[in-house]
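Notes for the one structure printed next.
The values are calculated or read from the model by the stated rules, or taken from the named source; none is laboratory data. Given the structure is predicted, the values throughout are model-derived calculations rather than measurements. In this analysis, Cβ positions are derived from the backbone assuming ideal geometry, glycine residues included, and neighbour counts consider all displayed protein chains.
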Amino acid sequence: MDKQDILDELLKDYATVPDHTAAKTDTAADAEPPAEEPPVEEAVLEEEIITEEEMPVAEDSTEEETVAGEPPADEEIRVAPLEAPTQIVSIAESEETAAEPADNTDDDVDDGQITMAELAGEEEPPVEESPEEVPDWEEQLIKTRQEKIRDFQIKQNRESLDFRFEGDTAPDEESERKAEEPPAEPKEETPAPRGRFTGDFTDFSQAEDVRAELQHRHRSGAFRMWLAAAAGALLLWSEASVIFYGQPALAPSLFLLLNIFLLSCMAILLYPMLRDGTMALLHGKPTAESVPAVVTAAVFLHTLVQWSDLAALEAGETRLFTALAALSLLFCGIGRMAKLDRIRQNFTLVSHDTQKFAAVEITDERAATEIGRRAVANGTPRVAFFRPVRFLDDFLANAYMNDRYDRIMSRFLPIAAGLCLVIGIVAGAVAKSFLVGFSAFVGALCVLLPAAPLALNVPLLGTCRRLLRDDNLLCSYAAAERFGNLHGVALDVSDLYWQDSVALHGIRTFRDTRIDEAIMDAAAVAIRTDGPLAGLFLRIIEEKTEILPAVENLVFEQDMGFSGWVGGRRVLVGNRKLLENHGVDTPSGDYERKYKKDNRELVYLSVGGALSAMFIISYLTDPEVEGALHELQDAHLSLLIRSCDPNVTEVSLCAGFDLDDYYVDLLSASAGRLYDGLRHEGGERVSAGAAVNGKITGIADLLTACRRLKHRGTAAMITQIALSAVGALWCFGTALTGGILPATAMLLFLPAAALLSIVLPLIVR
């Protein structure tokens, strides 16, 4: 069966009716409108004749255009006179169906759409799916992600689009330019190492090795933490014996040996954390993990000094701080374990060879200013977009990257140490005792230096777990900071209107145009735009794109529509402005308003310089999409939307999704070209930071989560610094009396400070 046979079979119900208007005169407006023919049983189409009065035109012309062969180079298209329409094809639909989005999960959809099965009067036979073997969990994960990604409407690459923007280089010129460029040298792949993995994740072949290494680190770390927790519990018991009984439960020498032994065990068990913190300190860039390293070293030295006065220890005149060091180690260790667990779980998504949609911030100042011109009042806007990739580079480097607290700690730690030294000197001078002064110094260190990894990594782990349930990825707190400071997010209109978001309510044809020819010409252009209209026409032709004619030199004209050449004829698909721009006669405003009621829009088809058809459509909003846009708006993010649909405007977007026009900006033609180019440059690899499942709901979840984490992280740091300041004043006041803080108060202060640094930021939005 050739293409013409397929076309005839699918469109056999679109036969053109006799030209009844040929016999009509200008006085036909006074005649009664013809009675409608009774509808054919079980048919969705009904035919009707309209008079010249019912479809007035804006202006008339007396010349006809004759276009054949190749499109003329410079000759302006002449306009034929617009005659009264010869045919109406309308669709019966219910108001309830027109108001609600179609349900993709239902096979029997009746929402006023024209489908090929309805036109042919027969149903397509159901496709039987072949049984599949039950996959394992990894295969199931891959399958699930592929199903989600199939629904995403972000264009895969710019080369896949069959149209260009007005002002872009013509396709033949572009191909010649690319042909002159030397071919890129293939990138050599680094073989994946075996055994214990070192370095970063650079190739999917390394996935098993990296996964094994991360699991080893997590299991080993968890085992070490449990043992360290047991040793810490014994240290807390030893301190409790002093609190409750006023003296150690054991002989002073044995008590000291027990504390030194248990603290040494904890230091050995948590050696990786102490090592990293110490090395950062030695390099002059202390991190959050430098805190337990400093506290442990100071407490260990203080415990050894107690050998000089065992009698004072036995009498309860002095005390040990090993329990406080244990708490500092445990709090930081829990934060480190949360970090390892987050990295391990995130790698499950990163390691799968499936398409991902990475978050990318626009770093070029000119491009950011052009795209985000309304996102910020002054300065350069911070704008991000999401582009399809297959591999996320530098995952481990980004996952282990120091966060803002590490940078703050590099300045806070020397200041805190200086304050502790002053407190120790004051206490020693008042008490006239070196041991008292040294004890006050070490006790102040335990109180002033907070356990930041716990406050930041535990909430981050919870957020990452929630995002991963929907195949969204947040690599680190540094990424949360970066994408939490955005002013706007660039989106494509296909992110908002999915493939089933446009409903067709009727078709009007003019100038003896066959309905099947009108649909073929309009579908040939619209489907190649990859916008909301593409999904409508794909449904109309039952996705049988092989029956469509070829389209040449397809160009998008901003805010108007598309123009191209089909079979030597210029074909226009767009709004009223597009036809007027090309000199095509258009219906009157009153005629348009009759069909644009109930939030409906019109898409015109012009062939060969004359109006051929008018499609009456409406745009249906998905509640999930609307909710996602409201989340972004509530996060004070501007929605910078690129649209190739002539009916999608800022007004229609705000009305359809109930948005504040302050946060909605439709990109200009130049900004749209910049955005389109940025999304598809750089190949299929991008530095890891954040990624989504490809849906607008995932984008909203990720960006709002980043903003919350940024605010909560700031609140956590402010809380801990404020508590450190309280602890400093407390210690200094005690030092003025020549004493040190009570042991009970110190043991209660640290857990309370850690708890407050986690709980208080939760109220921050």
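Which one of these is of a type outside the set (Ser, Thr, Tyr) and touching a Lys or Arg at 6+ places or on another chain (Cβ under 9 Å): GLY609, GLY574?
Going through GLY609, GLY574 in turn, just one is of a type outside the set (Ser, Thr, Tyr) and touching a Lys or Arg at 6+ places or on another chain (Cβ under 9 Å): GLY609.
Quick one: which of ALA490, ALA480, ALA522 is in contact with a Leu (Cβ under 6 Å, 6 or more places away or on another chain), within 17 Å of ASN575 (Cα to Cα) and buried (at least 23 other Cβ atoms within 10 Å of the Cβ)?
ALA522
Would you confirm, using the coordinates I've provided, whether ALA338 is crowded, with 18+ Cβ neighbours inside 10 Å, outside any strand (DSSP E or B) and free of Cβ contacts under 8 Å to residues at least 60 places away in the same chain?
No; evaluated as a whole, the condition is false for this residue.
For segment 566-594, how many residues meet the condition of being assigned to a strand (DSSP E or B) and surrounded by fewer than 22 Cβ atoms within 10 Å (Cβ to Cβ)?
Here the count works out to 3.
Do you know which residues across segment 354-389 are out of contact with any helix residue (DSSP H, G or I) (no Cβ under 9 Å at 6 or more places or on another chain) and within 17 Å of GLY698 (Cα to Cα)?
If the condition is that a residue be out of contact with any helix residue (DSSP H, G or I) (no Cβ under 9 Å at 6 or more places or on another chain) and within 17 Å of GLY698 (Cα to Cα), then ALA358, VAL389 are the ones that fit.
Note down all Cβ pairs under 6 Å where the first residue falls in segment 544-562 and is assigned by TED's automatic domain parsing to the domain that holds MET520, the second is assigned to a loop (DSSP other than H, G, I, E, B) and among the acidic types (Asp, Glu), and they're at least six residues apart or on different chains.
LEU554/ASP162; VAL555/GLU166; GLU557/GLU166
Would you call THR737 closer than 30 Å to VAL350 by Cα and not acidic (Asp, Glu)?
no
Could you tell me which numbered condition GLN633 fails, if it satisfies all but one of (1) without any contact (Cβ under 8 Å) to a residue 60 or more places away in the chain; (2) not in a helix (DSSP H, G or I); (3) not basic (Lys, Arg)?
Single failed check for GLN633: (2).
Tally the residues that are under 20 Å from TYR662 (Cβ atoms), in contact with a helix residue (DSSP H, G or I) (Cβ under 8 Å, 6 or more places away or on another chain) and assigned to a loop (DSSP other than H, G, I, E, B), restricting the search to segment 485-504.
Result for segment 485-504: 2.
Checking the condition closer than 27 Å to PHE357 by Cα, surrounded by 23 or more Cβ atoms within 10 Å (Cβ to Cβ) and basic (Lys, Arg), which residue from ARG679, ARG712, ARG673 passes?
ARG712
Give the residue that is surrounded by the fewest Cβ atoms within 10 Å (Cβ to Cβ), with candidates limited to residues of segment 436-467 that are touching a helix residue (DSSP H, G or I) at 6+ places or on another chain (Cβ under 7 Å), modelled with pLDDT of 90 or more and over 19 Å from VAL305 (Cβ atoms).
Here the answer is ARG465.
Can you tell me which of (1) farther than 30 Å from ALA444 by Cβ; (2) in a helix (DSSP H, G or I); (3) over 19 Å from the mean Cα position of the chain (by Cα) is the one GLY733 doesn't meet?
Status for GLY733: all satisfied but (1).
Would you mind telling me which numbered condition in (1) of a type in the set (A, V, I, L, M, F, W, C); (2) over 21 Å from LEU640 (Cα atoms); (3) without any contact (Cβ under 8 Å) to a residue 60 or more places away in the chain; (4) crowded, with 22+ Cβ neighbours inside 10 Å LEU421 fails?
Here LEU421 meets the rest and fails (4).
Can you tell me which residues in segment 359-374 are surrounded by fewer than 24 Cβ atoms within 10 Å (Cβ to Cβ), of a type outside the set (Asp, Glu) and in a strand (DSSP E or B)?
VAL360
Any residue at all in segment 237-259 that's in the same structural domain as SER724 (by TED's automatic domain parsing), charged (D, E, K, R), closer than 12 Å to THR322 by Cα and modelled with pLDDT under 95?
Yes: segment 237-259 contains one or more residues that are in the same structural domain as SER724 (by TED's automatic domain parsing), charged (D, E, K, R), closer than 12 Å to THR322 by Cα and modelled with pLDDT under 95.
Output the number of the condition that LEU349 fails; it satisfies all remaining conditions of (1) over 24 Å from THR463 (Cβ atoms); (2) assigned to a helix (DSSP H, G or I); (3) in contact with a helix residue (DSSP H, G or I) (Cβ under 7 Å, 6 or more places away or on another chain).
LEU349 satisfies every listed condition except (1).
Please verify whether LEU548 is more than 32 Å from the chain's Cα centre (by Cα), farther than 29 Å from ASP658 by Cβ and surrounded by 18 or more Cβ atoms within 10 Å (Cβ to Cβ), treating the condition exactly as stated.
yes
Output yes when any residue across segment 211-219 is closer than 16 Å to ALA743 by Cα and in a helix (DSSP H, G or I), and no when none is.
No, segment 211-219 has no match at all.
May I ask you to list the residues in segment 375-403 that are surrounded by fewer than 17 Cβ atoms within 10 Å (Cβ to Cβ), out of contact with any Ser or Thr (no Cβ under 6 Å at 6 or more places or on another chain) and more than 30 Å from LEU666 (Cα to Cα)?
Of everything in segment 375-403, those that are surrounded by fewer than 17 Cβ atoms within 10 Å (Cβ to Cβ), out of contact with any Ser or Thr (no Cβ under 6 Å at 6 or more places or on another chain) and more than 30 Å from LEU666 (Cα to Cα) turn out to be ALA397, TYR400.
Taking the condition of being not polar (S, T, N, Q) and not in a helix (DSSP H, G or I), how many residues in segment 458-484 meet it?
Total satisfying the criteria: 6.
Taking the condition of being of a type outside the set (A, V, I, L, M) and under 15 Å from PHE331 (Cα atoms), how many residues in segment 711-762 meet it?
So the count comes out to 4.
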